[in-house]
Each structure stands twice: as structure tokens, then as C-alpha cells.
1. Lys and Arg at +1, Asp and Glu at -1: add these up for the other residues within a Cβ distance under 15 Å of L277 and post the number.
2. Between T271 and L296, what is the spin-label point distance in nm, taking each point 7 Å from the Cα along the Cα→C-beta axis?
3. Could you run the Debye sum over the Cα atoms of the stretch 58-107, one equal point scatterer each and no solvent, and tell me log10 of I(q)/I(0) at q = 0.17, 0.20, 0.21, 0.23 Å⁻¹, two decimals?
4. Please list, ordered by chain and number, the residues whose modelled amide H lies under 5 Å from the amide H of V69; skip anything fewer than 5 residues away on the same chain.
5. Based on the mean of other Cβ atoms within 10 Å per residue, sort peptides 252-262, 188-198 so the most packed one is first.
6. Given a Förster distance of 22 angstrom, what is the FRET efficiency for H338 paired with Y80, based on the Cβ-Cβ distance and rounded to 0.05?
7. Residues with amide H under 5 Å of D311's amide H, sequence separation 5 or more or different chain, H placed in the peptide plane at 1.01 Å from N; which?
8. Explain nothing, just compute: Karplus ³J(HN,Hα) = 6.51 cos²θ - 1.76 cosθ + 1.60, θ = phi - 60°, for every residue of the stretch 299-308 in order, whole Hz, x for Gly and Pro.
Amino acid sequence: GSTGSIGAAACKNNVTSFQRKGPRASGTDSGCSRLVSIAGTRPSVRNGQLLVSTGLPALDQLLGGGLAVGTVLLIEEDKYNTYSSLLFKFFLAEGIINGHTLLVASAKEDPADILQELPAPLLDDNCKKDFDEDVCNHKTPDSNIKMKIAWRYQLLPKMESGPVSSSRFGHYYDASKRMPQELIEESKWHGFFFPEKLSSTLTTEPRSLTGGYRKLLQFIQNVIYEEGFDGSNPQKKQKNILRIGIQNLGSPLWGDDICCTENCDNSHSLTKFLYVLRGLLRTSLSACIITMPTHLIQNKAVISRVTNLSDTVVGLESFTGSGRETNPLYKDYHGLIHIRQIPRLNNLIYDVSDVKDLAFKLKRKLFTIERLHLPPDLSDTVSRSSKQDLAGSSKLLGPGCGMMAGGKQHLDF
């Protein structure tokens, strides 16, 4: 009864608790448009979260449209750190094309040198040509090409025509060419090279952050606050995104010993760093990509803690140096890509329907991600040992390829 009377009173005054007065509502709209107007961003169709591109459109697609602003993408490095460093550079190159501010941190390479190695953006008219050349070698007859593409189900969307523009979301990059020097010179970036920050008086107390992590957090915090990425400085209201790239985090070069011993004293240092970093990201217009040599970390409990503290986790498993490199089953691919974790943003569940059985390939120019489809006819080309390997891999890979490769289930073509 009492609820009804409150409702009736509200109706009389023509005011409901769900309505906002004019000025407030318009303020909200301007807030939204301010975010959406940032170059190189778009709102997620699933949850309205603001997204930036990872620099690899196929990976954006797998992560639900892109990398959410305010989140951490952790890349588990492949053993020789060949392909993970490439993804790292795509992310930074995408920032330069869109005019975003970069913050590059490394204990191994000088950030200025990393920027010199960024891949060049592909102009769209060349992109279609290069893509076609890379997918279909000229030696292959037409019928085989069609069969190959039918088996692969490419993840790459259709190319758009017209010159490359900063307004488009996600660009393609030519891994064989370098970013033009004038674009790098025009961009705004901050570099954190750990060896330069070392001082002889640097001592770490037990139970505190190692020197490298502490200095890096202070550096990131200063950039966010001084340049107004957190909105705290009204004079510097940013209409821009801060892209943070941290290379080889957790390696001994950072002064961390989690890769050297199983029961190290400062194993909590890395997790504490990620915890504080995520807090900084959540309250600012920034997105972060971290590469980490997880295959070197001795204690597996540390890896699970690191995964829990990251929002998105992508693992790269290169075939280099393994038996799969020479196995005819995998001749079309350079490695597997595992989407280990996708963030739940503004909802309780996430969509993981498209993230199984993925392989990557670095062609002449393009890095592509494809469904891992094994050859249909195994009788002539594959030896008995390869067939056994195939049976084993089908169990590991899950339902997609496993069912087909194991021959337990027929396809309805």
C-alpha cells in the first residue's frame, strides 16, 4: 500500500525516480561523445565498453571487438620471443597511426630502438593484393586454392578500399617494412629503459616491490597524472588514449628471480605490481599490453596468480625448435595461439565460442590467425608416426579439429 502511494505521489508531480533533469542528462551525453570521439576507439557492441585495436584485426575479433580501455592484455611469450615481440610492436604501431600517446617500458631494449622497428601500415589497395598473394601462392592451381580456403575459414575480414586513414578501427601492417620515420617523430611517447633508471644506492627491503617494478609504477603514475589521463587535472582533460607496452616483465632483467628459483623471496613482487597497475588503468584512459616469459617461471602457482590479475591472456606456442616444425601436418602454420582468458566486462559471462583451435602464420608480409584445419586426406602424405601425433593432438585441441582429424564424426558437406 505504502509503495503504491509513493508511486501515485510521484505520478502527480510528473517525476519518477528514473528520470534525470535536463542539464545532467546532457552532461552525460557530452561525456559519452567525448569518449567516442577519440581517434582509434569505438564502443563495444556487447557491453558499451570503449575499445582500442590491438593492431591485429583478427585478434580484435577474437577478443570481442578489441582491447577494452582500462584493461591489461598479457601475452605469454613463445620460447624464442619471435612472435610475441611482433604482437607487441603491432599494438604500438596502431597507437602511432591513431595519434595515441605511447609509454614503452623495457629492461632489454631501449624504447627508442623498439620504435624504430615498428612495422609499416599497409595501404588498403596494396593490402588486398598482398593478402591474395600471401594466401594463394601462384604455383597452386585454382581448384586447390578454393579447397585450401574452404578448409581454413580465414578470420581476416574483407579489406576496405581507399587509402589508410586514422579514423578506421584496426589496421593491417607489413612486417617486412619499417614505419616511416616522420610518423614516429610526430608521435608523442615516453620511454622507460630500466638499466638507465638503476642507481647504485638501490636497495630493496624484503616484502617490498623490487626496484624495477617500483620505479616503473612511479613512472606510469606520473605520466597518467601529469598528462591528465585520469581526468584529475581539469586543464589537461585528455581526448586521447595512453597505450602502455611493457616488454619481458618477470624476466631476471627486471631484478626479479621468479624465473630462476621455484621458492623465491619476492614472488609476490610481480603480482603486487600487476595489482597496482590494474588499479591505475581502471581509473584512466589507458590500455596496457605486457609480454611475459611464462615458460621460464618455475612456480606454476605464480602463473595462475598472474593470469587472475590480468584481464585478457593470450598464449603463443611457436613450432620453432619442436617436432611440429618438421611435421607435415603443421606445414601451413608457424604456431598455435591460445586465448586463455577474456574479461567479463559489465556482464557475468563472456563469449568463448570462437577461441578454440587457432593457429598463426607469419607470411611474407602479413601475420594472420586462422582456424587450425588439418589436411583432409592423410593416406599419402602423412607417415604412421604423424598419424599417431595427429591422434594425440586431436585430444589436446578440443572438439573442433579433434573430431574431424580423429575421424569419429563425419562432416556434412
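Bear in mind these aren't lab numbers, they're just calculated from the coordinates by the rules spelled out. All figures in this text were calculated on a predicted structure; none of them were measured in a lab. With ideal geometry, Cβ positions are generated from the backbone for all residues, glycine too; neighbour counts draw on all protein chains shown.
1. The answer is +4.
2. Distance between label points: 2.1 nm.
3. -0.62, -0.86, -0.95, -1.12
4. It is L50, L51, V52, by chain and number.
5. Descending mean neighbour count gives 252-262, 188-198.
6. Efficiency at R0 = 22 Å is approximately 0.80.
7. Here the answer is V72, L74, since their amide H atoms fall under 5 Å of that of D311.
8. 8, 5, 5, 5, 4, 5, 5, 4, 4, 5
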